[in-house]
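Written below as structure tokens is the structure these notes are about.
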């Protein structure tokens, strides 16, 4: 096993930051990994713990430090902030969802991002903290450059494929499906494009699960995917491992300049906001944009998601004044 070249920083070593670091180590995503946290002892403790397991995998140098230690980073994952449980973002009946965390986490990003940019001016910055899309908009403004992504709807898309696959009794890799829009309650599942190895979903159901109707599957999957984070938090206090692997994969795509298409969120001029859509990821972040086909119903829902994120972005601007 050989690690990918390059240096990755993780800023914020809480539950999600630790999961990101662990995934980066296990996958051999980079040659150097640096952990930064406002509580220095925590960063040092996690780095030390990871180093004891590192000899069993690809060679990855793991250190802890302050913002200056980010110098030379190619990718910086920003995971610092108030999480969903402590921030009160676990009410299924609250249409704001993760957006209730925007104000406190925007303040944290305004403090962190300038220090990250000063130490690592050439790094791709990835907003992981919830709500990641408006925080990526804020990061882009504060950083003064466009090498900014949020994790977008990558994890939502994986959840979507996993739950559709469970309904069909097939492996999730067999399912082609996409979630776009906000990483939040206004996200849009593109049912019109779901297929199993090229077989449209309705036909796949007839072959795999003739006892299930499309409406039944859709209702069940929508509920499971839209509130997956809350279900996880109710059982384990934090939703961390899935997003940790997603962050490692985004970092790899950038470090290797893979030009991998994935539904991260990047700023879209057409929509005037950072939003989750298929994006070609390379060394500079978003290197090309794709627009998936949508039904009329899906297009209208996507428009509402755009409006939700625009309002959130304007709220961040208002908070700065």
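The values are calculated or read from the model by the stated rules, or taken from the named source; none is laboratory data. Given the structure is predicted, the values throughout are model-derived calculations rather than measurements. With ideal geometry, Cβ positions are generated from the backbone for all residues, glycine too; neighbour counts draw on all protein chains shown.
The set of residues in segment 38-56 being closer than 18 Å to residue 73 by Cα and either out of contact with any strand residue (DSSP E or B) (no Cβ under 8 Å at 6 or more places or on another chain) or surrounded by 24 or more Cβ atoms within 10 Å (Cβ to Cβ) (or both) consists of 43 alone. For segment 263-321, filtering for residues that are free of Cβ contacts under 8 Å to residues at least 24 places away in the same chain and more than 18 Å from the chain's Cα centre (by Cα) leaves 14. For segment 14-26, the count of residues that are within 16 Å of residue 255 (Cβ to Cβ) and either at pLDDT below 95 or surrounded by fewer than 18 Cβ atoms within 10 Å (Cβ to Cβ) (or both) is zero. Is it the case that some residue within segment 17-24 is in a loop (DSSP other than H, G, I, E, B), touching a helix residue (DSSP H, G or I) at 6+ places or on another chain (Cβ under 8 Å) and closer than 21 Å to residue 148 by Cα? Checking segment 17-24: not a single residue is in a loop (DSSP other than H, G, I, E, B), touching a helix residue (DSSP H, G or I) at 6+ places or on another chain (Cβ under 8 Å) and closer than 21 Å to residue 148 by Cα.
Can you pull out every residue in segment 71-85 that is over 21 Å from residue 15 (Cβ atoms) and either assigned to a strand (DSSP E or B) or touching a strand residue (DSSP E or B) at 6+ places or on another chain (Cβ under 8 Å) (or both)?
72, 73, 74
Residues that are within 18 Å of residue 252 (Cβ to Cβ), touching a helix residue (DSSP H, G or I) at 6+ places or on another chain (Cβ under 8 Å) and surrounded by fewer than 22 Cβ atoms within 10 Å (Cβ to Cβ) within segment 59-76 comprise 62, 74, listed in sequence order.
Within segment 155-169, can one find any residue that is over 27 Å from residue 316 (Cβ atoms), within 13 Å of the chain's Cα centre (by Cα), part of a helix (DSSP H, G or I) and at pLDDT 95 or above? Among the residues of segment 155-169, at least one is over 27 Å from residue 316 (Cβ atoms), within 13 Å of the chain's Cα centre (by Cα), part of a helix (DSSP H, G or I) and at pLDDT 95 or above, which makes the answer yes.
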